[in-house]
1. Determine which single condition THR21 fails, assuming it passes every other condition in (1) out of contact with any helix residue (DSSP H, G or I) (no Cβ under 6 Å at 6 or more places or on another chain); (2) under 25 Å from TYR201 (Cβ atoms); (3) surrounded by 18 or more Cβ atoms within 10 Å (Cβ to Cβ); (4) of a type in the set (Ser, Thr, Tyr).
2. Could you grab me the full set of residues in region 128-154 that are touching a residue at least 60 places away in the same chain (Cβ under 8 Å) and either at negative phi or assigned to a helix (DSSP H, G or I) (or both)?
3. Take region 59-80 and flag every residue that is of a type outside the set (Val, Ile, Thr), surrounded by 12 or more Cβ atoms within 10 Å (Cβ to Cβ), in contact (Cβ under 8 Å) with a residue 12 or more places away in the chain and more than 17 Å from TYR134 (Cα to Cα).
4. Within the set of pairs 6 or more residues apart or between chains, which connect a residue that is touching a residue at least 40 places away in the same chain (Cβ under 8 Å) and among the hydrophobic types (A, V, I, L, M, F, W, C) inside region 230-253 to a residue that is more than 8 Å from the ligand (Cβ to nearest atom) and outside any helix (DSSP H, G or I) with Cβ atoms less than 6 Å apart?
5. Exactly one condition in (1) over 18 Å from the mean Cα position of the chain (by Cα); (2) without any contact (Cβ under 8 Å) to a residue 24 or more places away in the chain; (3) within 26 Å of TYR134 (Cα to Cα); (4) within 16 Å of the ligand (Cβ to nearest atom) is not met by HIS218; state its number.
6. Could you tell me which residue of region 74-122 is nearest to THR149 (Cα to Cα), considering only residues that are hydrophobic (A, V, I, L, M, F, W, C) and part of a strand (DSSP E or B)?
7. Determine, yes or no, whether LEU42 is assigned to a loop (DSSP other than H, G, I, E, B) and touching a Phe, Trp or Tyr at 6+ places or on another chain (Cβ under 6 Å).
8. For region 195-215, how many residues meet the condition of being under 16 Å from the mean Cα position of the chain (by Cα) and away from the ligand (no atom under 13 Å from the Cβ)?
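The values are calculated or read from the model by the stated rules, or taken from the named source; none is laboratory data. Quick caveat, the model's predicted, so the values are computed rather than measured. All Cβ positions, glycine included, derive from the backbone under ideal geometry; neighbour counts span all protein chains shown.
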Amino acid sequence: MKTRKIILYNEPTVPEIQLKTLEKFLTEIFPVEIEIRENFFLDSTDNFFEKIASTRIFDLKKQFEKHNASIENIQIEKENKDMSAQEEMTLYDGFEFQNTIAEFIPMNENVKDTLHIIFTNKLTCTFDENDFRYHARALIGSNPSIISTTGMIEAPAKPKQYYLDLMINFSKNRIKEINKKYKGEFLEYHDSRISEITKGYLLQAIIYYETGEAFCEHKDCRLFNAHWQKDLFFSQLENKKFCKKHQDILIELKNQSQ
Ligand SMILES: [Zn+2]
């Protein structure tokens with residue numbers, strides 16, 4: 001495989017990620033060196049925070065437009081608060097966000113054999129030309145790869161009936177009640193299952209970088225691109241296996257490196 005080293009950048013507001021566990025998991029599958037680092041945002045410059053803040057999107061139905069970040073929004077980036085404590089969801093253009101991170105990776109590390117994987121609590125979205133709106137994404141592939149834990153929670157859909165229930169009565173109390181009714185059926189903030197599910201997205205990031213194909217169309221494969229929370233749980237928590245094609249690809253990648 002072309003990757004010799006993978007650098008995992010932590011997201012401290014999401015302790016469920018468990019980088020040490022992920023490191024062990026990866027070394028069992030890939031013959032690569034793994035390095036764990038602090039949050040990519042730690043000790044960053046004002047210029048970096050300003051650029052990140054300017055990757056925000058404000059209208060789901062409009063393509064990304066360059067804009068200058070407000071002082072208030074730059075400050076929010078610096079504080080990096082726990083998303084579960086935020087009242088309003090902030091959205092970012094995933095590719096703009098990725099480009100900004102890429103810009104700030106040191107030259108000597110910005111090389112093909114080193115794959116940078118950035119964990120973030122920020123909700124990355126991509127604009128879909130088919131329906132002309134932004135959609136939340138858990139993974140923005142390539143190098144650097146961005147894995148959004150908020151994307152895991154918000155991108156795959158909850159049960160259909162959940163949304164119907166919400167539509168019938170839309171008050172704060174009612175939302176709480178409905179969430180209780182469906183508890184366990186979808187990921188929540190600080191859900192302990194995030195740790196295991198992260199492994200699947202991590203594999204997708206690596207396979208995408210290696211082969212140019214991130215997702216698998218088979219539900220019984222860890223590389224399956226789940227559009228529903230229930231499918232995410234199946235491929236990442238219950239089944240946890242690879243389809244035949246991807247199992248072969250993994251073996252091939254391993255053999256190539258020896
Ligand atoms: Zn597969």
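1. That leaves (3) as the condition not met.
2. Our first condition is that a residue be touching a residue at least 60 places away in the same chain (Cβ under 8 Å); within region 128-154, this holds for 132-134, 138-139, 141-143, 145, 149-150, 152, 154.
Those that are touching a residue at least 60 places away in the same chain (Cβ under 8 Å) and either at negative phi or assigned to a helix (DSSP H, G or I) (or both): ARG133, TYR134, ALA138, LEU139, GLY141, ASN143, SER145, THR149, THR150, MET152, GLU154.
3. Let us first name the residues in region 59-80 that are of a type outside the set (Val, Ile, Thr), namely 59-70, 72-73, 75, 77-80.
Still in the running and surrounded by 12 or more Cβ atoms within 10 Å (Cβ to Cβ): 60, 62-64, 67, 69-70, 73, 75, 77-78, 80.
When the remaining residues are screened for being in contact (Cβ under 8 Å) with a residue 12 or more places away in the chain, the result is 60, 63-64, 67, 69-70, 73, 77-78, 80.
The answer is HIS67, ALA69, SER70, ASN73, GLU77, LYS78, ASN80.
4. What qualifies is LEU232/PRO156; LEU232/ALA226; LEU253/MET1.
5. Looking at each condition in turn, HIS218 falls short on (2).
6. Of region 74-122, the ones hydrophobic (A, V, I, L, M, F, W, C) are 74, 76, 83, 85, 89, 91, 95, 97, 101-102, 104-105, 107, 111, 115, 117-119.
Okay, now just the ones that are also part of a strand (DSSP E or B), so 91, 115, 117-119.
Working: LEU91: 13, LEU115: 19, ILE117: 13, ILE118: 11, PHE119: 7 Å.
Looking at the filtered set, the residue picked out is PHE119.
7. Working: assigned to a loop (DSSP other than H, G, I, E, B): yes; touching a Phe, Trp or Tyr at 6+ places or on another chain (Cβ under 6 Å): no.
Spelling it out, it is not the case that LEU42 is assigned to a loop (DSSP other than H, G, I, E, B) and touching a Phe, Trp or Tyr at 6+ places or on another chain (Cβ under 6 Å).
8. Residues of region 195-215 that are under 16 Å from the mean Cα position of the chain (by Cα), as a first pass: 195-209, 214-215.
Checking which are away from the ligand (no atom under 13 Å from the Cβ) leaves us with 195-199, 201-202, 205-206, 209.
Here the count works out to 10.
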